[in-house]
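**Q** Dropping a structure here in structure tokens format, bear with me for questions.
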Amino acid sequence: MTIAIRQIGPCFVGEVEGIDLCQPLSPEDVGAIHAGMDQYAVLVFHGQPISDEQQLAFTRSLGEIEHAIGTSLRAPEDYRLPTTFADVSNLDKYNKPMARDDRRRLFGIGNRLWHSDSSFKATPAKYSLLHARSIPSKGGNTEFADMRAAYDALDDETKTELEGLVCEHSQIFSRQQLGFTDFTDEERERFRPVRQVLVRTHPVTGRKSLYLASHAGAIVGWTVPEARAFLRDLIEHATQREFVHSHKWQVGDLVMWDNRQTMHRARPFPPHEPRDMRRTTLAGDGPTATQVTASAPL
Ligand SMILES: [Fe+2]
């Protein structure tokens, strides 16, 4: 059986049918999925009761895995999952929901702001693959915004202004917006800003997209207030409802998105209920901008 992809919701979201992620993919399936990602940017796979090993095997069949090392406030001895996964659950290593004031949880609330995964890394992520193992009784949707449509809808004057602009991204910037500022010196060092272009061009389709995230807190050569006001306006533009799709999770869903062409955010849910989501991530091809090795910690 060959896979089929049909549009669901807005034009950037496709549902993949005729595929069993428990089984190895054929080269034709791999090609069809990459082509689907190029076209849609978000693909939904319903009813996939896969194990960690099967999620890893599926991810590796599409490319090289990005490891999640030092990207959260979890200490290595507190990891619930191996570093081949980004643990975006609200669970501690004993699989219990974290206390409401646990700083690891508070840091994780930053995922409720619009972002692109790993834009705070010099080589940012390509695809993210998020699998639902357990979900809360309500809330917890993930919303996606099409950054190609957002770019296309800009006026020519703004497009010209954006050309060549480079932003600085750090998880400290995104958490500052929520009033979370109690970082240790070690964390400030670890979360030093990296540089990313503000407009990306897709290597296959040639389409341009806005490369935004709440992690972006500066534009090189701009004053901070002007840069932040400008970035805020762009995010507001890019996340108008016409560019947004909200995914309501069912256990066994796997959703894959292209971080180069979309932003996303998590929505709130009852804090005492487990939400076990496991993310594998495909590494990007390389930096989008030249890095400044001597950038100071924030
Ligand atoms: Fe994310």
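**Q** Please work out the ratio of the alpha-carbon Rg of region 141-298 to 2.2 N^0.38 Å and round it to two decimals.
**A** 1.11
**Q** OK, next. For a quick check of your reading of the filter: which trypsin sites (Lys or Arg not before Pro) in region 9-114 sit in a DSSP loop and have no more than 10 other Cβ atoms within 10 Å?
**A** Arg100
**Q** Still on this structure, please answer the following. Rounded to the nearest 500, what is the 222 nm mean residue ellipticity of the chain from helices alone, with -39500 (n - 2.57) per DSSP H run of 4+ residues and division by all residues?
**A** So the helix-based figure for the chain works out to -6500 deg cm²/dmol.
**Q** Give me the 1.4 Å probe accessible area per residue for the chain, excluding ligands and nucleic acids, in Å².
**A** Here the per-residue accessible area is 44 Å².
**Q** While we're here: Once region 9-149 is represented by equal point scatterers at the alpha-carbon sites, with solvent omitted, what log10 I(q)/I(0) does the Debye formula produce at q = 0.12, 0.18 Å⁻¹?
**A** Log10 of I(q)/I(0), two decimals: -0.57, -1.33.
**Q** Leaving ligands, DNA and RNA out of it, report the carbon-plus-sulfur percent of the accessible area of the chain at a 1.4 Å probe.
**A** The value for the chain is 52 percent carbon and sulfur by accessible area.
**Q** Turning to a different aspect of this structure: For a quick check: with amide H placed at 1.01 Å from N, whose amide H comes under 5 Å from Asp276's, ignoring anything fewer than 5 positions away on the same chain?
**A** Answer set, sorted by chain and number: Arg133, Ser134, Ile135.
**Q** Longest exposed-loop-site-free stretch of the chain, with GluC sites (Glu not before Pro), DSSP loop and at most 14 other Cβ within 10 Å?
**A** 164-298
**Q** Follow-up question, since we're still on this one. For region 235-298, state which trypsin sites (Lys or Arg not before Pro) are in a DSSP loop and have at most 15 other beta carbons lying within 10 Å of their beta carbon.
**A** Within region 235-298, the qualifying trypsin sites (Lys or Arg not before Pro) (loop, at most 15 other Cβ atoms within 10 Å) are Lys248.
**Q** At a threshold of 8 angstrom on Cα-Cα distance, excluding pairs fewer than six apart, so keeping six or more, what relative contact order does the chain reach in percent?
**A** Reported relative contact order: 32 percent.
**Q** Quote the charge dipole size of region 79-171 about the Cα centre in Debye, to the nearest 20; the model charges only the Cβ of Lys and Arg (+1) and of Asp and Glu (-1).
**A** Using only the charged Cβ atoms, the result is roughly 1040 debye.
**Q** A further question on this structure: Would you mind working out the magnitude of the charge dipole of the chain relative to its Cα centre, with +1 at each Lys and Arg C-beta and -1 at each Asp and Glu C-beta, to the nearest 20 Debye?
**A** Roughly 640 debye for the chain.
**Q** As I understand it, the dipole of the chain uses +1 on the Cβ of Lys and Arg and -1 on the Cβ of Asp and Glu, about the Cα centre. Which of Pro270, Gln291, Asn259 lies farthest toward its positive end?
**A** In the chain, that residue is Pro270.
**Q** Roughly how many nanometres apart are two label points built 7 Å out from the Cα toward the Cβ at Val166 and Arg6?
**A** Calculated label separation equals 4.7 nm.
**Q** Within the P(r) computed for the chain, what percentage of the Cα pairs occupies the region above 32 Å?
**A** Value for the chain (Cα pairs over 32 Å): 23 percent.
**Q** What is the distance in Å between the Cα centroid of region 105-180 and that of region 1-18?
**A** Rounded to whole Å, the Cα centres lie 23 Å apart.
**Q** Filter the cross-link list Lys93/Lys138; Lys96/Lys248; Lys96/Lys121 down to pairs whose alpha-carbon distance in this structure exceeds 26 Å.
**A** Lys96/Lys121
**Q** Assign unit charges at the C-beta atoms only (+1 for Lys and Arg, -1 for Asp and Glu), then state the dipole size of region 127-237 relative to its Cα centre in Debye, rounded to the nearest 20.
**A** 500
**Q** Another question about this same structure. Taking region 131-175, which trypsin sites (Lys or Arg not before Pro) meet the DSSP loop condition and have no more than 15 other C-beta atoms within 10 Å?
**A** Answer in residue order: Lys138.
The values are calculated or read from the model by the stated rules, or taken from the named source; none is laboratory data. Just so it is clear, the model here is predicted, and its values are computed rather than measured. A quick note on method: Cβ atoms are made from the backbone with ideal geometry, for glycine too, and the neighbour counts reach across all protein chains shown. These accessible areas exclude ligands, DNA and RNA; they are computed on the full protein's heavy atoms, side chains included. Shrake-Rupley method; radii C 1.70, N 1.55, O 1.52, S 1.80 Å.
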